[in-house]
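Let me begin by presenting the structure, written as structure tokens, before commenting on it.
The values are calculated or read from the model by the stated rules, or taken from the named source; none is laboratory data. None of these values were measured; they are calculated from a predicted model. Cβ coordinates were reconstructed from backbone atoms using ideal geometry, including for glycine residues, and neighbour counts include every protein chain displayed. Areas reflect the complete protein model, heavy atoms only, side chains present, ligands, DNA and RNA absent. Shrake-Rupley method; radii C 1.70, N 1.55, O 1.52, S 1.80 Å.
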Amino acid sequence: MTLKIISVTEILYTGEVRSVTLPGTMGEFTVLHNHASLLSTLVAGTIRYTDASGAQLSSDITGGIADIDNNVISVCVY
């Protein structure tokens, strides 16, 4: 899976990941390989993800939107 985290001013992360946990408006949710297509708003919290090597990384956000489609997770944060 490919994760892209972008803000108005910069690309925060782009790379292959094993899993991504996002702070959705209706609660936290995890995206794994071959996840169904989904569009979700995000609230303040932490995006946690495991990269292809197994390292666990995180990014704090104040909100945004996530688009999951065809093993690409695009996250626009503010």
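Per atom type, the chain shows carbon and sulfur on 55% of its accessible surface, probed at 1.4 Å. Label-to-label distance for Ala36 and Thr2 is 2.5 nm, based on points extended 7 Å past Cα in the beta-carbon direction. Placing +1 on the Cβ of every Lys and Arg and -1 on the Cβ of every Asp and Glu, with no other charges, gives the chain a dipole of roughly 80 debye about its Cα centre.
The GluC sites (Glu not before Pro) of the chain that DSSP puts in a loop, and whose beta carbon has at most 10 other beta carbons within 10 Å, are Glu10. Relative contact order of the chain: 33 percent, from C-alpha pairs under 8 Å at least 6 residues apart in sequence. If I compute P(r) over Cα pairs in 5 Å bins from 0, in percent from the structure I just sent, which labelled value in (i) 3, 18, 31, 26, 15, 7, 1, 0; (ii) 4, 17, 32, 28, 16, 3, 0; (iii) 3, 16, 27, 27, 16, 8, 2, 1, 0 lines up? Looking at P(r) over Cα pairs in 5 Å bins from 0, in percent for this model, the match is (ii).
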